[in-house]
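Step one of this worksheet: look at the structure below.
The values are calculated or read from the model by the stated rules, or taken from the named source; none is laboratory data. Only a predicted model underlies this, so the values are computations on that prediction, with no experimental measurement involved. Please note: Cβ atoms are built from the backbone with ideal geometry, for glycine as well, and neighbour counts cover all protein chains shown. Please note that ligands, DNA and RNA were not included when accessible areas were found on the heavy atoms of the full protein model with its side chains. Shrake-Rupley method; radii C 1.70, N 1.55, O 1.52, S 1.80 Å.
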Amino acid sequence: MADTAITAPLLTSHKPPKAPTIDDTIENYIGTTGVMQLFKAVLLAFAWAFDAQQVFISVFTDAEPQWRCTGASESCSPAAPPASPCGLPPGAWAWDRPAETTMVSEWALKCAGPALVSLPASAFFAGCLAGGFLLTTLADSLLGRRKMLLTSLVSMSVAGVLTTFAPNVWAYAALRFVSGFGRSMVGTCTLVLSTELVGKRWRDTVSVAGFFFFTVGFLSLPALGYTFREVSWRNMYLWTSVPSLCYSVLLYFLAQESPRWLLVRGRKQDAIDTLQQIASLNGNSITSSFSMLHACTMHADDGAGAGGAFATMRSMWERPWALRRLAAIMTTSFGVGMVYYGMPLNVGSLGTNLYLSVTYNALAELPSAVLSLAFIGRVNRRTTVVALTATAGAFSLMCVAIPEGSTARMVSELLSFFSTITAFNLILIYSIELFPTSVRNSAVGLVRQALVLGGVAAPVLVALGRERSFWSFGVFGLCIGCLGLFAACLPETRGRGMSDTMEEEEHKEAAAAAATACTGGGATDIIATKDNSDAV
């Protein structure tokens with residue numbers, strides 16, 4: 001007994017001290033999240049509103065307006081008009097509204113084929129895809145979150161203003177590509193930067209705030225579309241791009257860089273300056289020394305961000321566990337993105353009022369955001385994503401069988417879209433939790449590009465689906481339902497603390513695997529509970 005009493009303290013004394021985490025270090029200096037700090041994070045999240053406008057603006061600017069027979073030709077009778085005006089002689093038919101209300105009628109693209117009609121929308125998503133792959137690592141390496149966000153917002157806004165002067169469909173598609181290229185990092189940088197600027201308690205709230213503002217931007221489009229329904233479609237680009245440009249100027253003076261990213265990059269002095277600014281926002285003043293930052297910075301700098309713009313990509317590529325996670329969540333995201341971006345573009349095929357249909361789809365974002373906020377701390381990420389994608393796929397397939405113009409078809413489309421939105425929101429939060437700070441922006445950026453890649457294919461399927469609904473609703477349902485199953489390959493992250501380095505995440509993975517091997521599957525829940533208690 002005496003030997004035991006003597007030995008235990010000696011063993012305990014040789015246990016290496018636990019290195020401070022970035023979360024602990026930041027909150028030790030700045031205190032709890034204050035009102036002004038939270039306000040700045042929410043202000044950052046408002047960028048999602050402008051993001052939503054550029055994503056779905058083509059629902060109105062690229063819409064196919066109604067046409068009517070003029071009675072000037074026997075081949076086109078107003079009482080029994082043909083299914084398409086493409087074979088009619090000139091003057092036998094006319095648009096119901098002025099030709100400049102949409103780009104389809106202004107440039108006479110009604111009979112040009114689905115490829116040309118869908119070209120501007122597909123070019124936008126292709127630009128998002130290209131920009132995401134080329135720019136996503138810059139926010140983790142050279143530029144940081146703040147500079148990358150400002151660059152993306154300004155380029156997206158300027159391209160939108162220039163779009164109002166597009167002389168033809170080819171110039172229009174090229175400018176939409178540039179707009180998509182710039183827009184590609186807006187959502188990613190906003191989500192990552194806003195969550196990294198607040199304490200652990202407010203991260204879920206701030207991340208879901210972005211979803212609310214996305215709904216605000218989406219809802220503004222039917223109002224703008226109805227306001228400009230009798231005038232040029234170019235007005236919509238002007239009235240969405242100029243406010244976005246003004247917002248960028250405001251962020252330039254108010255937004256701060258992420259102190260987590262600065263510490264991971266080894267920029268200790270910049271991190272100290274940022275922490276002092278945040279502390280002053282909370283009404284505090286830092287009087288202690290910054291000695292904790294020495295250990296924290298050394299602990300954080302694992303080289304993932306120190307080898308150039310693509311070092312973060314290489315860091316994930318060299319680790320099988322990171323590559324498996326990335327492949328699984330990107331595959332699921334592709335199916336979700338196809339439905340998420342495709343459904344609003346396809347509301348014209350429902351046979352109902354366009355403005356009301358888009359409004360209903362935009363309003364579906366609101367309860368989804370509320371649901372995400374209410375249950376984000378309570379639901380398992382993995383099983384919920386699988387269930388939501390399966391539900392979305394089932395309701396989308398039901399739209400194929402339900403007759404056009406019926407209320408049941410509209411309800412099925414809304415339920416499918418609602419499930420997809422919720423899965424979309426959860427996937428973004430899930431991807432933040434799956435990857436550490438040193439590669440988080442790059443990983444989340446790639447996940448968003450997988451979502452956008454689904455959006456690239458969506459406009460073509462929508463154009464084909466105007467003749468046969470299986471090519472839109474049917475393909476949408478099969479893709480999201482089947483690809484959503486890949487989420488089952490991901491680890492559960494509910495209740496886990498956020499890692500800062502690849503090594504830290506590997507230690508957690510190894511500890512979870514060892515505990516599971518010894519005690520069975522329940523050990524994962526025990527570890528998650530422990531991580532959750534550390535994060536409170």
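For this structure, a couple of remarks:
- Counted residues, region 122-139 - those being open to solvent by less than 10 Å² (accessible area, probe 1.4 Å) and within 18 Å of Asp51 (Cβ to Cβ): 8
For (1) without any contact (Cβ under 8 Å) to a residue 12 or more places away in the chain; (2) over 30 Å from Pro436 (Cβ atoms); (3) outside the structural domain of Thr190 (by the TED database); (4) not acidic (Asp, Glu), each residue gets a yes or a no:
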{"residue": "Ser77", "(1), (2), (3), (4)": "yes, yes, yes, yes"}
{"residue": "Val104", "(1), (2), (3), (4)": "no, yes, no, yes"}
{"residue": "Leu109", "(1), (2), (3), (4)": "no, yes, no, yes"}
{"residue": "Ala130", "(1), (2), (3), (4)": "no, no, no, yes"}
{"residue": "Phe133", "(1), (2), (3), (4)": "no, no, no, yes"}
{"residue": "Val158", "(1), (2), (3), (4)": "no, yes, no, yes"}
{"residue": "Val161", "(1), (2), (3), (4)": "no, yes, no, yes"}
{"residue": "Pro167", "(1), (2), (3), (4)": "yes, yes, no, yes"}
{"residue": "Leu175", "(1), (2), (3), (4)": "no, yes, no, yes"}
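- The set of residues in region 223-234 that are open to solvent by 10 Å² or more (accessible area, probe 1.4 Å), in contact (Cβ under 8 Å) with a residue 60 or more places away in the chain and either within 24 Å of Met148 (Cβ to Cβ) or part of a helix (DSSP H, G or I) (or both) comprises Leu224, Tyr226, Arg234.
- Residue selected from region 371-421 under the condition hydroxyl-bearing (Ser, Thr, Tyr) and modelled with pLDDT under 85, by the criterion most open to solvent (accessible area, probe 1.4 Å): Thr407
- Which numbered condition Ile22 fails, given (1) aliphatic (A, V, I, L, M); (2) open to solvent by less than 20 Å² (accessible area, probe 1.4 Å); (3) modelled with pLDDT of 85 or more: (3)
- Of all residues in region 353-370, exactly one satisfies the criterion of being more than 16 Å from Met343 (Cα to Cα) and crowded, with 20+ Cβ neighbours inside 10 Å, namely Ala369.
- Filter result (over 25 Å from Val161 (Cβ atoms) and surrounded by fewer than 24 Cβ atoms within 10 Å (Cβ to Cβ)) within region 174-195: none
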